[in-house]
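I have placed the structure first, in the form of structure tokens, so that the comments after it can refer back to it.
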Amino acid sequence: MATARLVLTDGTLFTGEAFGAEATRGGEVVFNTAHTGYQEVISDPSYCGQIVCMTCPLQGNYGVNDDDQESARPFIEGFVVRELSAIASNFRSRGRLDEMLAKHGIPGIADIDTRALTLRLRSGGAINGVLSTRDESDIELLRRARELPPMTGRDLVRQVATSKIVEWQSGFDGVYGANPPDRPADKHVVALDCGMKRNILRHLVHIGCRVTILPPTALYGDILEREPDGVFVSNGPGDPAAVLHVQYTLREVATKVPVFGICLGHQLLALAFGAETYKLKFGHHGYNHPVKNLLTERVEITSQNHGFAVSERSLQEIGLEQTHVNLNDGSVEGFRHRELPLFAVQYHPEAAPGPHDAAYLFDCFRTILDERRPLNADDMRTAQQALAARGVATTGKKVSG
């Protein structure tokens, strides 16, 4: 098998076996702690501009398929694994992981010490690097790595978002963490696509919404002329502070209709109201992050993928109420507006894959669509109980302190 190399800007070199495409690509190197879900990770647009290292040793063992794609194509720069499975064994499999990467021009490296790389990122923070499956000198790869721009200040939304207006038509008869829709699509939601995962759209359909997807360049008038019952702001890549055009739009829209934001959408809504964001040392990437709901006092095990966070201090200064906190590092994981029907979370309630503890938040969105008032603690408790009644397994428990 051909040789591949991963070179970090501090001069660290990892040499392993090449798979995927014959290519040289660079980006911010991050690690993901998920045990499954490599296809969803690769196809999540929020990873645009990043090389992803999976901490779980074996990858590719159950293959890939069309239903698990979270976007039309992958946007990651490279994929790093300890061991690439020689077989893809699953009744849903329609291809192999290495074939998927090769199709989209993405290089991969296997048979390296991913634990050493993860410890480097955990201790020193996310760092730029170049992954190459070509015959290029180490010095040249290091030079290219050091010329890469930092993630801070980069607006990557336009690279991954749609440029068209799309009426969403689900091609998948089901949704992770929810049953098929049991109500007609009697609400119209405009979804601002900043790099949106498909399972978010499936959840919106599940709560009885007809969804119109608009590009992030949509203006205040473009949104309101469609007479939506509410607006959803999606996840996406890059530095939220650099995505000024969406912030300006949200500032106007939020006073007119109910709004729900996830991940980058959470950050953009906070910025639109005057809060601040900052770069996390190594980000949150995985499906096992504990988050406490401060309103219901329940802990959720959540799916996460972000490198920036909202400043708690700045959130308090502008009067937005924090609703969720990360139990690993104390960072802000959600907030609500006290006077407007608006709330947002930093993590991914749609999961895909991952624990379904937070799927109740889509029911909370339905509540503010129906009643057009601020979300409260009783709304969240009711939604959590409804999730349990549907038979969706969760790990959440009520805690004190």
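The values are calculated or read from the model by the stated rules, or taken from the named source; none is laboratory data. It should be emphasised that the depicted structure is a prediction, and the values quoted were computed from it without experimental measurement. Cβ sites come from the backbone with ideal geometry, for glycine too, and all protein chains shown count toward neighbours.
For region 281-319, the set of residues classified as in contact with a helix residue (DSSP H, G or I) (Cβ under 6 Å, 6 or more places away or on another chain) and closer than 17 Å to ALA351 by Cα consists of ASN305 only. Taking the criterion of being in contact (Cβ under 8 Å) with a residue 60 or more places away in the chain and more than 20 Å from GLU350 (Cα to Cα), the only residue of region 320-337 that qualifies is HIS337.
Got a number for residues in region 126-149 being in contact (Cβ under 8 Å) with a residue 40 or more places away in the chain and either surrounded by fewer than 13 Cβ atoms within 10 Å (Cβ to Cβ) or among the β-branched types (Val, Ile, Thr) (or both)?
Counting residues in region 126-149 that are in contact (Cβ under 8 Å) with a residue 40 or more places away in the chain and either surrounded by fewer than 13 Cβ atoms within 10 Å (Cβ to Cβ) or among the β-branched types (Val, Ile, Thr) (or both) gives 3.
In this entry, GLU136 passes the filter for residues that are at pLDDT below 95 and closer than 30 Å to ALA2 by Cβ. Residues in region 321-360 that are of a type in the set (A, V, I, L, M, F, W, C) and over 13 Å from ALA270 (Cα atoms): VAL325, LEU327, LEU340, ALA351, ALA352, ALA358, ALA359.
Pairing each residue of region 5-24 that is under 15 Å from GLY125 (Cα atoms) with any residue that is among the charged types (D, E, K, R), provided the two are 6+ apart or on different chains, yields C-beta distances under 7 Å for THR9/ARG146; THR12/ARG120. Going through region 22-70 one residue at a time, which ones are among the small types (Gly, Ala, Ser) and either surrounded by fewer than 19 Cβ atoms within 10 Å (Cβ to Cβ) or under 22 Å from ASP111 (Cβ atoms) (or both)? Correct list: ALA23, GLY26, GLY27, ALA34, GLY37, GLY60, GLY63. Could you say whether any residue in region 206-215 is among the polar types (S, T, N, Q), outside the structural domain of GLY27 (by TED's automatic domain parsing) and in a strand (DSSP E or B)? Within region 206-215 (the criterion being among the polar types (S, T, N, Q), outside the structural domain of GLY27 (by TED's automatic domain parsing) and in a strand (DSSP E or B)), the answer is yes, since at least one residue qualifies. Within region 303-361, the residues that satisfy the criterion of being assigned to a loop (DSSP other than H, G, I, E, B) and among the polar types (S, T, N, Q) are SER311, ASN328, SER331, GLN346.
Is it fair to say PRO290 is in contact with a strand residue (DSSP E or B) (Cβ under 6 Å, 6 or more places away or on another chain) and either at pLDDT 95 or above or over 17 Å from LEU264 (Cα atoms) (or both)? Against the criterion (in contact with a strand residue (DSSP E or B) (Cβ under 6 Å, 6 or more places away or on another chain) and either at pLDDT 95 or above or over 17 Å from LEU264 (Cα atoms) (or both)), PRO290 qualifies. Scanning region 25-42 for residues that are within 15 Å of SER303 (Cα to Cα) and either touching a Leu at 6+ places or on another chain (Cβ under 7 Å) or polar (S, T, N, Q) (or both) yields PHE31, ASN32, THR33, THR36, TYR38, GLN39. Mind counting the residues in region 9-32 that are in a loop (DSSP other than H, G, I, E, B) and either in contact with a helix residue (DSSP H, G or I) (Cβ under 7 Å, 6 or more places away or on another chain) or among the polar types (S, T, N, Q) (or both)? Count: 4. Within region 262-281, how many residues turn out to be closer than 25 Å to PRO150 by Cβ and surrounded by 19 or more Cβ atoms within 10 Å (Cβ to Cβ)? Residues that pass the stated criteria total 13.
Can you spot a residue in region 217-224 that is out of contact with any Ser or Thr (no Cβ under 9 Å at 6 or more places or on another chain) and surrounded by fewer than 24 Cβ atoms within 10 Å (Cβ to Cβ)? There is at least one residue in region 217-224 that is out of contact with any Ser or Thr (no Cβ under 9 Å at 6 or more places or on another chain) and surrounded by fewer than 24 Cβ atoms within 10 Å (Cβ to Cβ).
Taking region 238-253 as the search range and keeping residues that are more than 19 Å from the chain's Cα centre (by Cα) and surrounded by fewer than 20 Cβ atoms within 10 Å (Cβ to Cβ), which one is farthest from ASP155 (Cα to Cα)? Talk me through it step by step, then tell me what you get.
Filtering region 238-253 for residues more than 19 Å from the chain's Cα centre (by Cα) gives 244-245, 248-253.
Filter once more, keeping what is surrounded by fewer than 20 Cβ atoms within 10 Å (Cβ to Cβ): 244-245, 248, 251-252.
On the way: LEU244: 9, HIS245: 10, TYR248: 15, ARG251: 19, GLU252: 21 Å.
Only one residue fits best here, namely GLU252.
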